[in-house]
Structures are given as structure tokens and as C-alpha cells.
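I have placed the structure first, in the form of C-alpha cells, so that the comments after it can refer back to it.
Rule-based calculations on the coordinates, nothing more; no lab input. Since this is a predicted model, take the numbers as computed values, not measurements. Backbone-built Cβ (ideal geometry, glycine too); neighbour counts: all protein chains shown.
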Amino acid sequence: MKKFIAVFIGSQSGKKIKKWDALDKKTRAAREQAGMQAWHEWVQNHKKSIVELGSPLGDTKQIDASGISKITNLLCAYTVVQAKSHAEAAKLFKDHPHFTIFPGESIEVMECLSIPGM
């Protein structure tokens, strides 16, 4: 089995989040509850493939030759899964609540490769 990292992408200024933010409190709370229930069901349905459940991601610091600075990006969360192929790993996230219920944009899946010489 190969290991893959899935990163959850979401914009803080896109159409989906603007619609989400415009919801009244009651509707938003109901969707949040439905979304979390669907997310937990997704976890149960894929628990054999999940290596690390992961978590939501917080503020971002960028470190380079100039030093450390605060930046923003579109990364919201991550999960690590195992699968026989990249295509199989990607299929695990088809119709995921991140973008079918919540205002997330997409999920990107990448294979975790071995470090050369290690």
C-alpha cells in the first residue's frame, strides 16, 4: 500500500464562503451539524484506509532566507490515507462533505514519496 496526503482547499473570499457567511444562524448551524455528521460517516466508511485522520490547519508562517513572516494560503485541513494507487486514493474523497456540504473548494491528493537515500 502507498501513502497519500489529502489537503483540503478553501477560499476565504470565494463565492462558496460568501454564500455560507450569508446564511442565517439557524440554517448555518443545521448545515454545520449535517456536515459534521457526514464527515464522521465518511471517516467510518473509510477507516481502513485512514493512516492519520489529520486536523484543521491554523495560521501559516512562511520561513525563507529573509526570515519568518505570516502569510495566508488556501489550505484548510489534511488527512493521510493509504491505497494501492493514486487513483484509488483520490476516489476516497469523491463527494466529500468538505465541498458538498461545507463551503470548501476542493481536496488535493498527493502520494507521499520515499526520501531518496533513506
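In table form, for the structure just shown:
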item: Answer residue from the stretch 105-118, given it is in a strand (DSSP E or B) and among the charged types (D, E, K, R) and is surrounded by the most Cβ atoms within 10 Å (Cβ to Cβ) among those; result: Glu108
item: Those residues of the stretch 35-72 which are acidic (Asp, Glu) and closer than 26 Å to Lys3 by Cβ, in sequence order; result: Glu41, Glu52
